[in-house]
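Any read-out appearing in this document is the output of simple, stated calculations on the displayed coordinates, not a laboratory observation. Computed from a predicted structure; not experimentally measured. Positions of Cβ are backbone-derived with ideal geometry, glycine not excepted, and every protein chain shown enters the neighbour counts.
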Amino acid sequence: MNEADKKLQEKIEAGFSDPASDVDARLYQQIFSALEKEPGYTLPASFAESIIHKIQHEQTRSAKREYFWLCAGIFLLVIVMIVAIVFTGFKISAGFLSGISAYKGLFVFGAIFVVFLHWLDRKFIRAKSDVL
C-alpha cells in the first residue's frame, strides 16, 4: 500500500472524506463494505474427510511407487551381476574359509552371545520402553 492509499484510508475511517465527490473514496468504501460481509459460501460437511482421503491416497501411491523402484533396482542389480559373472568367467571359491575352521568354538560362542543379548533386549529394555 502506498502513502496516498494510506491517507485515503485514514480519512475515510475518520469520516473526513466525502464519498460522493471522490471516486477513489467511493471505491474504497465499496471494497471495505464488501470485505466486512461474511462470504456466502460454506464448505461441505465432508470437506475435511475428502482432503484426508486424498492425502492417504497420495501416500499409498507414493509407497507403491517407491516399492516398484526398489524392486526394479534389485532386479536390475541381479541382472547386471549375472552379466558380469558370465562375461568375466567368475568362479566361486570358498578356500578362504578353510583357515576359519580352527575357530569354530569362537563363532558358536559369538552366535550364542548375540542371541542372549537379543533376549535381554526384548525382556528388559524394550519392556520398559513399551510401558512409557
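Within the stretch 44-132, which trypsin sites (Lys or Arg not before Pro) sit in a loop by DSSP and count at most 14 neighbouring Cβ atoms inside 10 Å? Numbers along the way, then the final one.
Numbers: sites: Lys54, Arg61, Lys64, Arg65, Lys91, Lys104, Arg122, Lys123, Arg126, Lys128; in loops: Lys91.
Of the trypsin sites (Lys or Arg not before Pro), the ones in loops of the stretch 44-132 whose Cβ has at most 14 other Cβ atoms within 10 Å are Lys91.
Taking the Cα centre of the chain as origin, work out the dipole magnitude from +1 charges on Lys and Arg Cβ and -1 charges on Asp and Glu Cβ, in debye rounded to 20. Could you put the intermediate results ahead of the total?
On the way: 15 positive and 14 negative charges, 323 e Å.
The calculated dipole for the chain is roughly 1560 debye.
Using the Cα atoms of the stretch 83-125 to build a convex hull, what is its mean projected area in square nanometres? Mind showing how you got there, number by number?
Details: hull surface 21.9 nm².
Its average projected convex-hull area is 5.5 nm².
Inverting the mean 1/r over all pairs of different Cα atoms, compute the Kirkwood radius of the stretch 3-81 and quote it in Å. Can you show the working numbers first?
On the way: mean 1/r = 0.0542 Å⁻¹.
18.5 Å is the Kirkwood radius here.
Could you state the orientation-averaged shadow area of the convex hull built on the Cα atoms of the chain, in nm² to one decimal?
Details: hull surface 95.3 nm².
The number I arrive at for the chain is 23.8 nm².
Please identify the helices of the chain, taking whole runs of DSSP H, that span at least 15 Å along their own axis as judged from the Cα atoms and have a mean Kyte-Doolittle score of -0.5 or higher. Kindly include the intermediate steps, with their values, before the conclusion.
Numbers: long enough: 3-14 (16 Å, -1.44); 23-36 (20 Å, 0.15); 47-88 (61 Å, 0.86); 104-120 (24 Å, 1.92).
Span-like helices, by this rule, are 23-36, 47-88, 104-120.
What are the semi-axes of the equivalent ellipsoid of the stretch 45-92, taken as the square roots of 5 times the eigenvalues of the Cα gyration tensor, listed largest first and rounded to whole Å? Intermediate results must be reported in sequence, preceding the final value.
Details: eigenvalues 412, 6, 3 Å².
For the stretch 45-92, the ellipsoid semi-axes come out as 45, 6, 4 Å.
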